[in-house]
Amino acid sequence: QLQLVESGGGLVQPGGSLRLSCAASGFTLDLYHIGWFRQAPGKEREGVSCIIRSGGMTNYADSVKGRFTVSRDNAKNTVYLQMNSLKPEDTAVYYCAAERRYRLNCTVVATPYDYWGQGTQVTVSS
C-alpha cells in the first residue's frame, strides 16, 4: 500500500503557527517530489508549496511566501509544512501529494501528482 497521511492541523488564532506533517508509508519518500495543496470552503483546490526529492529546491504560492516553509526529512520519510503568521484566509483542508515521475523541479499544479493524502483541517480564527 502506498499511503500519505497528513497531521498537525487544528484551530489556531490569526498570527499563530502550525506545523503540518506528511508521513509516507509503502514507498521511499526520496523517490518523490512532494506537493502541498489546500482547499478552502467554496473554493477550488490550490497549490501551496512543493519540494523536490533531495529537498534542494522548493516552490511557494505567492500568498504564502515568507510565511510558510516546506522541508523534508527523508530519514523519517516525512515532509513538513511550517506555517507562520497564519491568516483567516489560510483556513482550508491541507493535502500532501507525491509525484513519482522524474522532473528537474517540482510543481504546485495538482495534475502530475500520483498519490494523495486524506487531508488535515486548518482553521485560523479568533
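The values are calculated or read from the model by the stated rules, or taken from the named source; none is laboratory data. All of these numbers come straight from a predicted model, not from anything done at the bench. All Cβ positions, even for glycine, are placed from backbone atoms using ideal geometry, and neighbour counts span all protein chains on display. Keep in mind that these areas ignore ligands, DNA and RNA; they rest on the heavy atoms of the full protein, side chains included. Shrake-Rupley method; radii C 1.70, N 1.55, O 1.52, S 1.80 Å.
Name the residues whose placed amide hydrogens come within less than 5 Å of the amide hydrogen of R72, ignoring near sequence neighbours (fewer than 5 apart) on the same chain.
Y80
Taking a ≥ b ≥ c as the square roots of the Cα gyration tensor eigenvalues, with a/c under 1.5 meaning rounded and otherwise prolate when a/b beats b/c, else oblate, which class fits the chain?
Cα axes put the chain in the prolate bin.
Taking K and R as +1 and D and E as -1, what net charge do the other residues with C-beta under 12 Å from the C-beta of N74 add up to?
+1
Summing Lys, Arg as +1 and Asp, Glu as -1, what charge do residues with Cβ under 13 Å from the Cβ of M57 carry, M57 excluded?
+3
What lysines does K43 reach when the alpha-carbon gap must be under 28 Å and sequence neighbours fewer than 8 apart in one chain are set aside?
Of all the lysines, those that pass the test against K43 - Cα under 28 Å, at least 8 places apart if same chain - are K65, K87.
Modelled label-to-label distance, Q121 and S7, 7 Å Cα→beta-carbon offset: nm?
A separation of 1.9 nm, rounded to one decimal place.
So for the chain, taking the charge dipole from beta-carbon charges (+1 Lys/Arg, -1 Asp/Glu), which of Q121, Q82, Q39 sits furthest toward the positive end?
So the residue we want is Q82.
Provide the solvent-accessible area of D62, counting protein heavy atoms only and rolling a 1.4 Å probe, rounded to the nearest 10 Å².
About 120 Å², ignoring ligands and nucleic acids.
What does the extension gain come out to for Q39 and T111, with contour length at 0.36 nm per residue minus their alpha carbon separation?
The span from Q39 to T111 would gain 24.4 nm if fully extended.
Enter the accessible area of V70 (Å², nearest 10), with the probe set to 1.4 Å and all protein chains included.
Rounded to the nearest 10, the figure is 10 Å².
Which whole-Hz ³J(HN,Hα) couplings does the range 111-126 yield from phi under the Karplus relation 6.51 cos²θ - 1.76 cosθ + 1.60, θ = phi - 60°, glycine and proline marked x?
Taking θ as phi minus 60°, the curve returns 3, x, 6, 8, 10, 10, x, 7, x, 9, 7, 10, 10, 10, 7, 8 Hz for the range 111-126.
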